[in-house]
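**Student:** One structure coming up, written as structure tokens, with questions to follow.
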Amino acid sequence: MRHRRAGYKLNRNATHRLALYRNLAMALFRHPEGRIITTLEKAKAVRPFVEKLITLARKATLEPEKALHARRLVLSRLGPPSNAEVNPSDDEKEVDHTKVIVKLFNEIGPRFKDRPGGYTRIIKRSQRRLGDGGKTAFLELLKEGETKVRARPVEAPAPKVQDETSEQTEEPAGEQTEPQMSGQTEGQTPPHDQPAGETPATENQPKT
């Protein structure tokens, strides 16, 4: 039983899994638009790891006196690669010598200073990974001032209930009451069929 064992194993041991999280987080912070493509399971697994790093950078922005402690925590979690350059390219137009940890504390952290959590978004892709056909997804950072919008389900309209009084007053047009036979009063039953030449017996007829 996996009681009290949260997280994803991803078919890796602890050190291999930590290296995977570091690589994915570094790729996300390095990307100019803050977006990477990975498998859906890896995106769900690395999301808490990334958001905790951004939370430390956010707290350093809100509380400058704790910035040194937060920076040391990020260094311990990201490891030595956090001091790498964002884009060490040979092209002078695309090169960026800023360190990843500096970008995290100077750009990404202040961007979410007014947002208490939920800095990333996972978008599923229709394309499958070549080879094993695994599900892929985008893992991206929200832009400044952007909010998550969830589509609310449309509620079905309530059924209309007609009043009982209106149903009783309305009668079908084809139904009409039959007229009473002449010579009959209320409470009397019509005479039964009798043979010709005989008159119905009445109460006043004398007995023989």
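**Student:** Can you find a residue in the stretch 60-71 that is of a type in the set (A, V, I, L, M, F, W, C), over 19 Å from residue 105 (Cβ atoms) and surrounded by fewer than 13 Cβ atoms within 10 Å (Cβ to Cβ)?
**Tutor:** Looking only at the stretch 60-71, we keep the residues that are of a type in the set (A, V, I, L, M, F, W, C), and these are 60, 62, 67-68, 70.
Filter once more, keeping what is over 19 Å from residue 105 (Cβ atoms): none.
Scanning the stretch 60-71 turns up no residue that is of a type in the set (A, V, I, L, M, F, W, C), over 19 Å from residue 105 (Cβ atoms) and surrounded by fewer than 13 Cβ atoms within 10 Å (Cβ to Cβ).
**Student:** Hey, does the stretch 1-15 have a residue that's under 25 Å from residue 72 (Cβ atoms) and not in a helix (DSSP H, G or I)? Talk me through it step by step, then tell me what you get.
**Tutor:** Residues of the stretch 1-15 under 25 Å from residue 72 (Cβ atoms): 7, 14-15.
Now restrict to residues that are not in a helix (DSSP H, G or I): 7.
So far as the stretch 1-15 goes, yes, one or more of its residues are under 25 Å from residue 72 (Cβ atoms) and not in a helix (DSSP H, G or I).
**Student:** Can you tell me how many residues in the stretch 24-43 are surrounded by fewer than 14 Cβ atoms within 10 Å (Cβ to Cβ) and either in contact with a Pro (Cβ under 6 Å, 6 or more places away or on another chain) or not acidic (Asp, Glu) (or both)? I'd like the intermediate steps shown before the answer.
**Tutor:** Restricting attention to the stretch 24-43, the residues satisfying the condition of being surrounded by fewer than 14 Cβ atoms within 10 Å (Cβ to Cβ) are 32-33.
Still in the running and either in contact with a Pro (Cβ under 6 Å, 6 or more places away or on another chain) or not acidic (Asp, Glu) (or both): 32.
Count: 1.
**Student:** If you scan the stretch 107-136, which residues turn out to be within 18 Å of residue 28 (Cβ to Cβ) and in a strand (DSSP E or B)? Full working, then the answer.
**Tutor:** Of the stretch 107-136, the ones within 18 Å of residue 28 (Cβ to Cβ) are 107-112, 115, 117-125, 136.
Passing the criteria: 120, 121, 122, 123, 124, 125, 136.
**Student:** Tell me, which residue of the stretch 78-114 that is crowded, with 16+ Cβ neighbours inside 10 Å and more than 17 Å from residue 33 (Cα to Cα) is modelled with the highest pLDDT? Walk me through it before giving the result.
**Tutor:** Residues of the stretch 78-114 crowded, with 16+ Cβ neighbours inside 10 Å: 78, 82, 86, 100-101, 103-105, 108-109, 111-112.
Checking which are more than 17 Å from residue 33 (Cα to Cα) leaves us with 78, 82.
Values: 78: 94, 82: 88.
Going through the qualifying residues, I end up with 78.
**Student:** Also, I was wondering about something else. Starting from the stretch 5-18, keep only residues that are without any contact (Cβ under 8 Å) to a residue 40 or more places away in the chain and surrounded by 10 or more Cβ atoms within 10 Å (Cβ to Cβ), then list their pairs with residues that are assigned to a loop (DSSP other than H, G, I, E, B) and of a type in the set (A, V, I, L, M) whose Cβ atoms are within a distance under 7 Å, requiring at least 6 positions of separation or different chains.
**Tutor:** Hits for this filter: 17/10.
**Student:** Then there is this: What is the one condition in (1) in a helix (DSSP H, G or I); (2) touching a helix residue (DSSP H, G or I) at 6+ places or on another chain (Cβ under 7 Å) that residue 44 does not satisfy?
**Tutor:** Condition not satisfied by residue 44: (2).
**Student:** While we're on this one: If residue 37 satisfies all but one of (1) more than 16 Å from residue 99 (Cβ to Cβ); (2) not in a strand (DSSP E or B), what's the number of the condition it fails?
**Tutor:** (2)
The values are calculated or read from the model by the stated rules, or taken from the named source; none is laboratory data. Computed from a predicted model, the values in this text were never measured in an experiment. For neighbour counting, all protein chains shown are included, and Cβ atoms are generated from backbone atoms with ideal geometry for every residue, glycine included.
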